[in-house]
Structures are given as structure tokens and as C-alpha cells.
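Peer 1: Got a structure here, written out as C-alpha cells. Questions coming.
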Amino acid sequence: GVVLTGMGEDGARGLLQLRNLKMRTIAQDEASALIYGMPKAAVDCGAAEQVLPLDRIARRILELCQC
């Protein structure tokens with residue numbers, strides 16, 4: 001799961017549910033986020049396994065999908 005720029009905490013709650021199921025989770029970093037509210041909520045509640053800049057997220061997803 002991935003949480004990108006945005007406001008609120010609903011995405012962070014959903015990401016935390018995925019993290020609790022041992023799924024891989026990523027949040028966008030503060031420097032590349034237009035609005036850091038949602039990614040910050042994900043980081044603060046421990047939902048984000050990794051915090052990456054926007055330009056590295058797609059590459060990381062591809063890496064995680066390779067078997």
C-alpha cells in the first residue's frame with residue numbers, strides 16, 4: 001500500500017491495517033509532498049514501512065513485485 005500527498009487520516013488508517021497484515025507499505029516523504037498531512041499521519045502511527053520521495057516510489061513498487 002502507498003499513501004501519497006493529501007489531508008486527513010483515513011489513508012493512514014487503511015495503510016496501518018495493511019501493515020498489521022504484514023503487507024509492504026510506503027508513505028511519501030515530506031519534502032516531495034504538496035500536503036504532508038496524510039503521509040505524516042501514516043508515519044506517526046507506524047503504518048509506513050518506508051518513507052520515500054515521490055520519484056522513488058514507483059521504482060520501489062516494481063522492486064517489491066519482482067520474484
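Please treat every number below as a calculation from the coordinates, not as lab data. Everything quoted here is computed from the prediction, not taken from an experiment. Every residue, glycine among them, receives a Cβ derived from its backbone with ideal geometry; neighbour counts consider all protein chains shown.
Peer 1: Convert each backbone phi in the stretch 25-34 into a coupling constant with the Karplus relation 6.51 cos²θ - 1.76 cosθ + 1.60 (shift: θ = phi - 60°), then list the ³J(HN,Hα) values in order as whole Hz, x for Gly and Pro.
Peer 2: 9, 9, 10, 5, 6, 5, 5, 9, 8, 5
Peer 1: Let me check I've understood the local charge: for L62, count other residues with C-beta under 14 angstrom from its C-beta, Lys and Arg +1, Asp and Glu -1. What total comes out? It would help to have the intermediate numbers written out before the result.
Peer 2: On the way: positive: R24, R56, R59, R60; negative: D55, E63.
Computed value for this residue: +2.
Peer 1: Which one of Q66, A31, A47 is farthest out on the positive end of the charge dipole of the stretch 23-67, using unit charges on Cβ (Lys, Arg +1; Asp, Glu -1) and the Cα centre as origin?
Peer 2: Sorting the options by dipole projection puts first Q66.
Peer 1: Considering amide H positions built from the backbone, and no H for Pro or chain starts, which residues 5 or more places from V3, or on another chain, come under 5 Å of its amide H?
Peer 2: The list, which skips near neighbours in sequence, is I26, A27, Q28.
Peer 1: Right, something else. Under a 10 Å cutoff between Cα atoms, tell me which one of A41, A31, A12 has the largest fluctuation in the Gaussian network model of the chain.
Peer 2: Taking springs between Cα atoms under 10 Å, the residue moving most is A31.
Peer 1: Would you work out if the stretch 2-65 is rounded, prolate or oblate? Take a ≥ b ≥ c from the square roots of the eigenvalues of the alpha-carbon gyration tensor; rounded if a/c is under 1.5, else prolate when a/b is larger than b/c, oblate otherwise.
Peer 2: Here the stretch 2-65 falls in the oblate category.
Peer 1: Another question, then. Over the chain, what is the mean sequence separation of C-alpha contacts under 8 Å (at least six apart), divided by residue count, expressed as relative contact order in percent?
Peer 2: Numbers: 121 pairs, mean separation 24.7, N = 67.
It comes to 37 percent, rounded to a whole number.
Peer 1: Report, in deg cm²/dmol and to the nearest 500, the calculated mean residue ellipticity at 222 nm for the chain, where each DSSP H run with n ≥ 4 adds -39500 (n - 2.57) and the sum is divided by the residue count. Numbers along the way, then the final one.
Peer 2: Numbers: 3 runs with 31 residues, N = 67.
Helices in the chain give a 222 nm mean residue ellipticity of -13500 deg cm²/dmol.
Peer 1: Less than 12 Å Cβ to Cβ from A47, Lys/Arg counted +1 and Asp/Glu -1: what total charge do the surrounding residues give? Please report the intermediate quantities before stating the final value.
Peer 2: Numbers: positive: R13, R19, R24, K40; negative: E9, D10, D44, E49.
Local net charge: 0.
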